[in-house]
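Below: one structure, written as structure tokens.
None of the figures in this text is laboratory data; all of them are computed from the coordinates on show. Owing to the predicted nature of the structure, the values given are computational and were not obtained by experimental measurement. FYI the Cβ positions are ideal-geometry reconstructions off the backbone, even for glycines, and counts take in every protein chain you see.
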Protein chains: 2
Amino acid sequence: MAQHNAFYAQSGGVTAVINASACGVIEACRRHPDQIGKVYAGHNGIIGALTEDLIDVSQESDETISALRHTPGGAFGSCRYKLKDIETHRAQYERLIEVFKAHDIRYFFYNGGGDSADTCLKVSQLSEKLGYPLTAIHVPKTVDNDLPITDNSPGFGSVAKYIATSTLEASLDIASMCATSTKVFVLEVMGRHAGWIAAAGALAGNGEGEPPHLVIFPEVHFDRDRVMARVEESVKLYGYCVIVVSEGARYEDGTFLADSGNTDAFGHRQLGGVAPTLAGMVKQDLGYKYHWAVADYLQRAARHLASKTDVDQAYAVGEKAVELAIAGRNAMMPAIKRVSETPYDWRIEAAPLAEVANREKYMPHEFIREDGFGITEACRQYLAPLIQGEDYPPFENGLPKVAHLKKARVERKLPEFTI
Amino acid sequence: MAQHNAFYAQSGGVTAVINASACGVIEACRRHPDQIGKVYAGHNGIIGALTEDLIDVSQESDETISALRHTPGGAFGSCRYKLKDIETHRAQYERLIEVFKAHDIRYFFYNGGGDSADTCLKVSQLSEKLGYPLTAIHVPKTVDNDLPITDNSPGFGSVAKYIATSTLEASLDIASMCATSTKVFVLEVMGRHAGWIAAAGALAGNGEGEPPHLVIFPEVHFDRDRVMARVEESVKLYGYCVIVVSEGARYEDGTFLADSGNTDAFGHRQLGGVAPTLAGMVKQDLGYKYHWAVADYLQRAARHLASKTDVDQAYAVGEKAVELAIAGRNAMMPAIKRVSETPYDWRIEAAPLAEVANREKYMPHEFIREDGFGITEACRQYLAPLIQGEDYPPFENGLPKVAHLKKARVERKLPEFTI
């Protein structure tokens, strides 16, 4: 089999473990020098391919590539950029082929979420439509856990572990102070459309009275009176109330809590933040002293507390992508298959990209407790294995060590292209 | 020497390592059965002593006490309650003595910050004023790092490590997305009066262009134009800008940024949050896409990322407190002495409480960079050793294991007392 080059790019919001997938792809490529020559990474994702801004990964040492496994963020740069359909934006696709041809790229690895799966599928169709032999594989990643087919999405398990741990730790803080200080604590977590991450907060406790006392999902219409009644009940029963709220929490009419149209003294739209909004309601309706936290990017960057299961799976989907590619399996995605629950066991299988693209996986109805404020046992069983195990990065001088890439650029061979 | 009982209480805002000090006190007491009988812990701090709500620590196993070392929060309950002066509130002091007498308590260990040092000093004076033989020792604790005499305050090092690590990790996230997405990230950290924690954020980077690009201290008057100019410069030079801002950031007239008097559409005072306020200014003045995070209690509860130096010191001050007490050194505080900087070495010394109480340690002027937006080399040298080393708690099922105390109550012997 002749040797050709590979292209790898990161797409969309990054995670604590997307670089572990990059590590899996690159190390697997290096194990197949007969089939795969150099790996070129797109600088800032697919934009790097369109603008011929390619990073020559062969210039990076094995040690640097290995260090990607414990480096958060997107080491080659990611982007929010979705290729349009091939019929009306043919020029962009033709440009991709030109760049791939110019650099003898015949393997395309695209590491991202739902939008990227769609892009990858379109690119996979280039082979036939534009007559260029390309094998395109999608490497799954998203903290939102909304990719179909795969049992879970790499990136989610580490956020889940971070949120569950943070909820547990902060709850101990509130519990110890509530007699004379803060009675209500609100932690805002990611998840605009689905409550997967909020659900993970519920892993912090299970027994009667154990925090969190309320989980607020985007899937359950926000009813201020019901929520406040539950907060009051929790404070009366347990002395305090811990709330994990999804950024996507919304009223029955679809309005987001964080976007309730308030304006400040200057007439400017009040800035978002579900946590402060909800905390304000608590103060207004119940008068309790409150504190709130918004984890934001901290939660998806927290490689220091990654789930070992997640890191292993992120690496494995990267590795498997290469195996699929050299086997000529165009338009596929390595998916995680849950083989057994107790003890937890998983393997990677190949899923046709056509079945993945443009489909979102929502929280099953039966994962949300009947009262809407917590998770069911089925949800707990699904989530629990995903946060198992620790995978600490090495530390140096008290801080995590991260990969420092040279990012040597590949010499351009084509005219400029404006996107 | 006769055997008498000891009282231990936690006071004020809790930390990731205050229970490590509790562990130090209790284990040291257990090593001196000839002098110290039982340890009684105040439920909810000094309130437990006043209301005779005492936890019988002798009922807790060695394993449970050992687990306190890696359990965040205040295991016996803490409180925000400051004893008034002895002249006008004599009844409270007399009550304390009654409770101590009733339970043969002759050792008083009070684990807290500046206010608690003051309370402990007053209690230490009871011995003479009310003719009761009591040895009172203050065990230092505060994330604010504002206790005098001691080189640093137990609790601070772990927050510092958490904030430095979180800044580093989130910065990698922003850096990888800034070409097409978020350009400015604002992380709000604790520190109403002093910028110690914000300064710790600066440990995340040092070289030219390394984040954080701006640190905003309470000590430096907030000048919107100057800050925005620096944000713009950073985005132009490096593609993005990471800001660590202290909750105590304020204008020249003393107004807090988070408390600028804005009201929402209902006329309610807009809720605090320096991070969203600052992010809003960035959007308004410069138009950049932003994200913001407020770490709040997460930062002081994050035992999973504690500094080993901090844990060791927190334990050591607890242990030393007991040694001072049995040596009859009334009205003292174990203080951390920096013996050498490279390699870092420290020991615990005894400091007279009279020199500690009612004095705050501010950031030295020479620790803040001349432009007001970063730290000096002297500050870096001071901070660096405090975040050294990791001290991971054991994990079980993906979550940190914490101590679960029985909290068996000591039988009451006195009439009720209303505080």
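On the rotation that sends chain A to chain B, the chain A Cβ lying closest to the axis gives residue and distance in whole Å as A:Val294, 2. log₁₀ I(q)/I(0) of chain B at q = 0.08, 0.11, 0.13 Å⁻¹, via Debye over equal Cα point scatterers, no solvent, to two decimals? Debye curve over Cα of chain B, log10 I(q)/I(0) at q = 0.08, 0.11, 0.13 Å⁻¹: -0.47, -0.83, -1.06. Considering only A:Val159, A:Val231, A:Ile243, and ranking their Cα positions along the charge dipole of the stretch A:156-301 that arises from unit charges at the beta-carbon of Lys, Arg, Asp and Glu, the one farthest toward the positive end is A:Val159. Only helices enter the 222 nm calculation for chain B: every DSSP H run of n ≥ 4 contributes -39,500 (n - 2.57), and dividing by all residues gives -10500 deg cm²/dmol, rounded to 500. Highest-first packing order for the peptide set B:149-161, A:194-206 is B:149-161, A:194-206, based on the mean count of other beta carbon atoms within 10 Å. Once the dipole of chain A is set up with Lys and Arg at +1 and Asp and Glu at -1 on Cβ about the Cα centre, which of A:Ala408, A:Thr142, A:Pro393 lies farthest towards its positive end? Final value for the positive-end residue is A:Ala408.
Here the spin labels are modelled as points 7 Å beyond Cα on the Cα-Cβ line, and at A:Lys236 and B:Ala378 they lie 5.8 nm apart.
With contacts taken as Cα pairs under 8 Å at a separation of at least 6 residues, chain B carries a relative contact order of 23 percent. Relative to the first principal axis of the alpha-carbon coordinates of chain B, what is the inclination of helix B:156-177, with its axis defined by its Cα atoms, in degrees from 0 to 90 and to the nearest 10? For B:156-177 against chain B, the angle is about 20 degrees. Taking a Cβ cut-off of under 13 Å around B:Gly114, the surrounding Lys, Arg, Asp and Glu residues balance to a net charge of 0, with basic ones at +1 and acidic ones at -1. Each copy carries a label point for A:Ala350 at 7 Å from Cα along the beta-carbon vector; from one copy to the others these points are 7.6 nm apart, nearest first.
Among B:2-15, B:74-87, the peptide with the highest mean count of other Cβ atoms within 10 Å heads the list, and the full ranking is B:2-15, B:74-87. Peptide A:287-298 shows a mean partner chain C-beta count of 6 within 10 Å per residue C-beta.
For chain B, a simple Cβ point-charge model (Lys and Arg +1, Asp and Glu -1, everything else neutral) yields a dipole of about 860 debye relative to the Cα centre. Remark: label point of A:His221 defined 7 Å out from Cα along the Cα-Cβ vector; separations to the same position in other copies 5.3 nm, ascending. In the elastic network of chain A, a GNM with C-alpha springs shorter than 10 Å, the most mobile of A:Tyr162, A:Tyr40, A:Tyr251 is A:Tyr251.
The mean number of partner chain beta-carbon atoms within 10 angstrom of a residue's beta-carbon across peptide B:299-306 is 6.
What is the projected area of the convex hull of the Cα atoms of the stretch B:275-323, averaged over all directions, in nm²? The partial results should precede the final answer.
On the way: hull surface 21.1 nm².
Mean orientational projected area (the stretch B:275-323, Cα hull): 5.3 nm².
Considering only alpha-carbon pairs that sit under 8 angstrom and 6 or more positions apart, the relative contact order computed for the stretch A:156-301 is 31 percent. For chain A, a Gaussian network of Cα nodes joined below 10 Å ranks A:Ala164, A:Ala258, A:Ala16 by mean-square fluctuation, and the top entry is A:Ala258. Where in the stretch A:94-109 does the label zone of A:Ile86 land, with the point 7 angstrom along Cα→C-beta and an amide N cut-off under 11 Å? Of the residues in the stretch A:94-109, A:94 have backbone N under 11 Å from the label point off A:Ile86.
For the pairs A:Lys236/A:Lys283; A:Lys308/B:Lys406; B:Lys236/B:Lys289; A:Lys361/B:Lys283; B:Lys82/B:Lys129, flag any whose C-alpha to C-alpha distance is greater than 22 Å.
Details: A:Lys236/A:Lys283 16 Å; A:Lys308/B:Lys406 33 Å; B:Lys236/B:Lys289 14 Å; A:Lys361/B:Lys283 33 Å; B:Lys82/B:Lys129 19 Å.
Listed pairs above 22 Å: A:Lys308/B:Lys406; A:Lys361/B:Lys283.
Just in the stretch B:270-354: which chymotrypsin sites (Phe, Trp or Tyr not before Pro) are loop by DSSP and have at most 16 other Cβ atoms within 10 Å? Please report the intermediate quantities before stating the final value.
On the way: sites: B:Tyr288, B:Tyr290, B:Trp292, B:Tyr297, B:Tyr315, B:Tyr344, B:Trp346; in loops: B:Tyr288, B:Tyr344.
Filter output for the stretch B:270-354: B:Tyr344.
Taking A:Ile55, A:Ile243, A:Ile326 in turn, the Gaussian network model of chain A (Cα-Cα springs below 10 Å) assigns the largest fluctuation to A:Ile326.
Evaluated at q = 0.10, 0.13, 0.22 Å⁻¹, the base-10 log of the normalised Debye intensity for the stretch A:156-301, with identical point scatterers placed on the Cα atoms, takes the values -0.31, -0.53, -1.46.
Please state the charge dipole magnitude for the stretch B:250-398, taken about the Cα centre, from unit charges on C-beta atoms (+1 on K and R, -1 on D and E), reported in debye and rounded to the nearest 20. Mind dumping the intermediate values first?
On the way: 16 positive and 22 negative charges, 35 e Å.
The calculation lands at about 160 debye.
Take the convex hull of the alpha carbons in the protein assembly as shown; its mean projected area over all directions comes to 35.7 nm².
The modelled label-to-label distance between A:Ala229 and A:Thr255, using points 7 Å beyond Cα along the C-beta direction, is 2.2 nm.
Using a 7 Å projection from Cα along Cα-to-Cβ, the label point at A:Lys283 is separated from the same position in the remaining copies by 1.9 nm, smallest value first. Against chain A, whose longest principal axis is taken from its Cα atoms, helix A:90-102 shows a tilt of about 60°. Placing +1 on each Lys and Arg Cβ and -1 on each Asp and Glu Cβ, with no other charges, gives the protein assembly as shown a dipole about its Cα centre of roughly 240 debye.
The angle between the Cα long axis of helix A:274-286 and the longest principal axis of the Cα atoms of chain A comes to about 10 degrees, rounded to the nearest 10.
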